[in-house]
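Below is one structure, written out as structure tokens; the observations come after it.
The values are calculated or read from the model by the stated rules, or taken from the named source; none is laboratory data. None of these values were measured; they are calculated from a predicted model. Cβ sites come from the backbone with ideal geometry, for glycine too, and all protein chains shown count toward neighbours. Please note that ligands, DNA and RNA were not included when accessible areas were found on the heavy atoms of the full protein model with its side chains. Shrake-Rupley method; radii C 1.70, N 1.55, O 1.52, S 1.80 Å.
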Amino acid sequence: MKEVDINNEEFYRMMEEKGIPKSSQPSVGEMFEEMKKVVANGDSLVCIFLSSEMSGTYSSALMVKEMVLEEYKDAKIEIIDSRSNCMQLGFAVIVGARAAKEGKTLDEVVEIVNQNIRRSRFLFIPDNLEYLKKGGRIGGAKALIGNLLKIIPILTVEDGKTAVLTKVRTKKNAVATMVDKVVKDSSIYGLREIVVHHINCYEEALELAKLVEEKLGVKAEIVDIGPVIGLHVGPGAIGLVYYTEKDIR
């Protein structure tokens, strides 16, 4: 089943009843057909994928690119590793699409996408560390200690992997600390766009969006996280994704 074939409410209900499922990357054949469709129309193509540290999709895409070039030797295809996921990947796609719509060249679009990757940050708070532990997305010992001591980690994505930004004692303090980090980044690098992420905790997301508006004077769109990432993080997770005027890294 594809992610687009099930809504979040149904997916997380099924996960609660049947346990954590396994995710799978798109097939080589499917990627080949999608890339071929674009270049066959005479268009250049920029593909931005989930972090290569989290999925084999990027590696498969490089292989598919070569397959397409065998058939369309003059095709222009660029494959980019977003080094992240969710709306940190989403913002890279959005700014790239805007640039393409404005008539930028392929090289210009690629530079704008890579620039966005250097300027974006993803902060999130899991409600339960067991999902990350079972999915192998964070060290088992850290997950176990965090649960035993009731420590709430604020997680981020750096170098393509999930990492611990800091740890605090309560979820309320974690949310406040996360917003403070955005405020600090905003003062240093300048804030462009921001979204609130959540997994089946819309009311909490709404409160976080209000807090962001109070602290930063900007509106944050609320975006739920889909099943593919959600199964590794679990219901109740909440976070912020944003990008800045200047390079963060």
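Calculate the dipole size of the chain relative to its Cα centre from +1 charges on Lys and Arg beta carbons and -1 charges on Asp and Glu beta carbons; express the result in debye to the nearest 20.
On the way: 34 positive and 37 negative charges, 216 e Å.
Charge dipole of the chain: 1040 debye, to the nearest 20.
Simple spin-label estimate for Thr170 and Glu71 gives 5.9 nm between the two label positions (7 Å along the Cα-to-Cβ direction from each Cα).
The mean sequence distance of close C-alpha pairs (under 8 Å, at least 6 residues apart), as a share of the length of the chain, puts its relative contact order at 21 percent. Extending 7 Å from the Cα toward the beta-carbon at both Lys246 and Lys37 defines two label points whose distance is 4.3 nm. Ranked by the mean number of other Cβ atoms within 10 Å of their residues, highest first, the peptides 181-188, 11-18 fall in the order 181-188, 11-18.
Note on Glu17/Glu53: beta-carbon distance plugged into 1/(1 + (r/R0)^6) with R0 of 41 Å gives a FRET efficiency of 0.85. What region 168-249 shows is 47 Å² of accessible area per residue, with the surface traced by a 1.4 Å probe over protein heavy atoms. Counting protein heavy atoms only, the chain has 51 percent of its accessible area on carbon and sulfur, 1.4 angstrom probe.
What dipole magnitude, in Debye to the nearest 20, does region 159-222 give about its Cα centre under +1 on Lys/Arg Cβ and -1 on Asp/Glu Cβ? Before the final figure, lay out each step's value.
Values: 11 positive and 10 negative charges, 64 e Å.
Roughly 300 debye for region 159-222.
Remark on Lys76: its backbone amide H falls under 5 Å from those of Leu45, a criterion applied only to residues 5 or more positions apart or on other chains, H modelled at 1.01 Å from N. For region 28-119, the alpha-carbon coordinates run over 36, 32, 16 Å along the three principal axes, in decreasing order. Shape analysis of the chain based on the Cα gyration tensor places the equivalent ellipsoid semi-axes at 32, 23, 15 Å, largest first.
Among 241-247, 219-225, sorting by the average number of other beta carbon atoms lying within 10 angstrom of each residue, highest first, gives 241-247, 219-225.
For a Förster distance of 22 Å, can you work out the FRET efficiency between the beta-carbons of Asp5 and Tyr202, rounded to the nearest 0.05? Provide the component values of the computation, followed by the final result.
Numbers: r = 22 Å, r/R0 = 0.99.
That pair, Asp5 with Tyr202, gives E of 0.50.
Between Val223 and Leu62, the FRET efficiency from the beta-carbon distance, with R0 = 30 Å, is close to 0.60.
So which residue, out of Asn85, Asn173, Asn114, gets the largest mean-square fluctuation from a GNM of the chain using Cα contacts under 10 Å as springs? Among Asn85, Asn173, Asn114, the largest mean-square fluctuation in the Gaussian network model of the chain belongs to Asn173.
Close amide H pairs (under 5 Å, H built 1.01 Å from N) link Arg83 with Ser51, Ser52, residues at least 5 positions away or on another chain.
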